[in-house]
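Take a look at the structure set out below.
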Amino acid sequence: MDNISSAIQTLSESANTLFILIGAIMVLAMHAGFAFLEVGTVRHRNQVNALAKIMSDFGFSAVAYFFIGYWVAYDVTFFSSASVLSEGSGYELVKFFFLMTFAAAIPAIISGGVAERAKFTPMLVAAAAIVAFVYPFFEGLIWNSNYGFQDWLNNTFGAPFHDFAGSVVVHAVGGWIALAAILILGVRNGRYRGGRLVAFAPSNIPFLALGAWILTVGWFGFNVMSAQTMDGISGLVAVNTLMAMVGGIITSLIAGKNDPGFLHNGPLAGLVAVCAGSDLMHPIGALITGGAAGVLFVWLFTLIQNRFKIDDVLGVWPLHGVCGIWGGIAAGIFGAEAHGGLGGVSLISQIIGTVAGVVVAFVGGWVVYTAVDKVSGIRLSDEDEYQGADLAVHKIGATSDD
C-alpha cells in the first residue's frame, strides 16, 4: 500500500511539473509575439533594435528575478543543493520558470512604448532593476499576501484582491511603468509639427499580425496554466479567455474602422482585461469585458496621440495599463454571482487593489528611470535617433539588398 501511495504521489508531482512547464514554455513563446509586434510597428530603421531589446531584456530579467525578484516576492532563494531543488520532480524550479516569464513580460511591455528613441544599455539596467524590485514587490503583495495587504482587504471588505492571471499584477503594472518611462523620454523627433500629429506608418503589417497571433495563442498558457496545478485547471478559464479575445476583435474592428493595427491589438486588449477574472466570470461577462477593452484601446490610443501628445509607439499604456485596470475592476463586476459569476470577490477590494498597483508601478517606474537618466541618460542623441537605432546601436540594418 505504501508503494502505491508513493507511486501516486510521484505521478501527481510529475503531472503538476509537466503542466506548469508547458505553461512556462507557452508564455516564453509569447516573447516572440512581443518582438514581432514591435518589429512590425516601428519604422524600418529600428527593427533590429526591437528584436535585440526583447531578447536582451529577457536574459537580464531572468537573472534579476532568479537572484533577487523571486526572493522579494516569495521569500524563496535557490542556493540549496541541486538534490534539494529537484525534490518533488523539480516542481518549485519550474514554478519559478513560469513566474519568471511573467516578470520578463514587464520589460517587453515597456519596450514597445519607448521604441525608436531610447538608449540600449541604460534601458537594460532599468529593466533589471524593475524586475528585481518594483514588479516583485507588488507581485508578492498580491500573490503571496505579503505585508498583510490582502488580509486587510479580506477583513475589511469581505474578500481579498482577486487577480487570477495578472490583469493588474502584470499588465497594468507594466503599462504604468512604461508610461513613466515614456513621459521621461519625451516624444520622437518629428512626431509633431506645428502642433499636429505626423503619422509614422508601421514598417511591416504582416510582422505586426504575426506578433499578435503568437501572443494570442500563448495567452491560453498564460491564463489556463495560472492554476499552477492539474487539480486547479478549469475549462471556464479557457472559454472566458476565448470569449474576451473575440470580443476585443469585433469591437476594435468596428471602432478602429478596419485599421489593421487596431484590429490586431484588439484581441490583446480583451485578453489583458480578462486575466484577472477569467476563473470567475460567466463567458458572456468575459465577452463584454473583452469587447469593452477593444473599444477602450482604440479610443485611448487615438486620444493620447492626438490630444495629449504622449508618444506611446505601440500603445502599451492604453493596452496594458488601462485595459489592465479595467480587467481588475471587471473581475469585481462580472465575477459576482449577481452577474453570473462564481462570486467570492469584492468590487471595493478590486478597486483598491487596482489603484495600489497603479501607484506602485508609476512611482516605482518614475524613480528607476529618473535615476538611470541622471546617471547615464536614457535617450538617444538626435543624430542617432535620425539614423535609427539599428545602425546607431547595433551597426547593422534589418535587411540587405545584396
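Bins of 10 Å, beginning at zero and ending with the bin holding the largest distance: percent of Cα pairs per bin for segment 180-280, please.
14, 32, 30, 17, 6, 1
Where Lys and Arg each count +1 and Asp and Glu each count -1, what net charge lies around Phe102 among other residues with Cβ under 13 Å from its Cβ?
Net charge in that neighbourhood comes out at -1.
Any idea what log10 I(q)/I(0) is at q = 0.15, 0.19 Å⁻¹ for segment 121-266, Debye with uniform C-alpha scatterers and no solvent?
With no solvent term, the Cα-only Debye profile gives -1.12, -1.36.
Whole angstrom only: what separates the Cα centroid of segment 145-171 from the Cα centroid of segment 323-375?
10
I need the trypsin sites (Lys or Arg not before Pro) found in segment 310-402, filtered to DSSP loop residues with at most 16 other beta carbons within 10 Å of theirs.
Of the trypsin sites (Lys or Arg not before Pro), the ones in loops of segment 310-402 whose Cβ has at most 16 other Cβ atoms within 10 Å are Lys395.
Would you mind telling me which residue in Ile333, Ile142, Ile352 has the biggest mean-square fluctuation in a Gaussian network model of the chain, where springs connect alpha carbons within a distance under 10 angstrom?
Of the options given, Ile352 has the highest mean-square fluctuation.
Comparing Glu139, Glu116, Glu383, which has the greatest mean-square fluctuation in the GNM of the chain with Cα pairs linked when under 10 Å apart?
Highest fluctuation among the options: Glu383.
Taking only the C-alpha atoms, wrap a convex hull around segment 1-135 and report its volume per residue in Å³ as a whole number. Please report the intermediate quantities before stating the final value.
Numbers: hull volume 13.4 nm³, N = 135.
Looking at segment 1-135, the number lands at 100 Å³ per residue.
Report, in whole Å, the centroid distance computed from the Cα atoms of segment 179-208 and segment 280-320.
That distance is 18 Å.
Before rounding to the nearest 500, sum -39500 (n - 2.57) across all DSSP H runs of length at least 4 in the chain and divide by the residue total; then give [θ] at 222 nm in deg cm²/dmol.
Working: 16 runs with 258 residues, N = 402.
When only DSSP H runs of four or more count, the value is -21500 deg cm²/dmol.
Roughly how many debye, to the nearest 20, is the charge dipole of segment 1-389 about its Cα centre, given +1 on each Lys and Arg Cβ, -1 on each Asp and Glu Cβ, and no other charges?
1460
Could you work out what % of the accessible surface of the chain is carbon and sulfur, using a 1.4 angstrom probe and leaving DNA, RNA and ligands out of the count?
Of the solvent-accessible surface of the chain, carbon and sulfur hold 67 percent.
With point charges of +1 on the Cβ of Lys and Arg and -1 on the Cβ of Asp and Glu, referenced to the Cα centre of segment 1-389, which listed residue (Leu342, Asn3, Ala199) lies farthest in the positive direction of the dipole?
Farthest towards the positive pole: Ala199.
Set Lys and Arg Cβ to +1 and Asp and Glu Cβ to -1, take the dipole of the chain about its Cα centre, and tell me which of Val368, Ala212, Ile396 lies farthest positive.
Ile396
Any idea of Met55's accessible area? Nearest 10 Å², probe 1.4 Å.
Rounded to the nearest 10, that gives 150 Å².
Cut-off 10 angstrom, C-alpha nodes, Gaussian network model of the chain. Which of Gly190, Gly277, Gly332 fluctuates the most?
The residue that fluctuates most here is Gly190.
Would you compute the Debye intensity of segment 336-399 from its alpha-carbon atoms alone, equal scatterers and no solvent, and pass along log10 I(q)/I(0) at q = 0.22, 0.29 Å⁻¹ to two decimals?
Each listed q corresponds, in turn, to -0.95, -1.07.
Please compute, for the alpha-carbon atoms of the chain, the extent along each of the three principal axes and give them in descending order in Å.
76, 50, 43
Just to be sure I understand the model, the point goes 7 Å from the Cα along the line to the Cβ. What's the resulting Ala15 to Asp259 distance in nm?
If labels sit at Ala15 and Asp259, their model points lie 4.8 nm apart.
Please compute the per residue accessible area over the chain with all protein chains in place, 1.4 Å probe, rounded to a whole number of Å².
On the way: 16370 Å² over 402 residues.
That works out to 41 Å² for each residue.
Of the options Ile22, Thr41, Val72, report the single residue whose Cα projects farthest towards the positive end of the charge dipole of segment 1-81 (beta-carbon charges: Lys, Arg +1; Asp, Glu -1).
The Cα lying farthest towards the positive end belongs to Thr41.
Please report how many Lys pairs in the chain have alpha carbons closer than 28 angstrom, counting only residues at least 8 apart along the chain or sitting on separate chains.
Total qualifying Lys-Lys pairs in the chain comes to 11.
The values are calculated or read from the model by the stated rules, or taken from the named source; none is laboratory data. Bear in mind that the values here come from a model prediction, so they are computed numbers and not experimental data. Methodologically, a virtual Cβ is constructed for each residue, glycine included, from the backbone with ideal geometry; neighbour enumeration extends over all protein chains shown. Note: areas computed on protein heavy atoms with side chains; ligands, DNA, RNA excluded. Shrake-Rupley method; radii C 1.70, N 1.55, O 1.52, S 1.80 Å.
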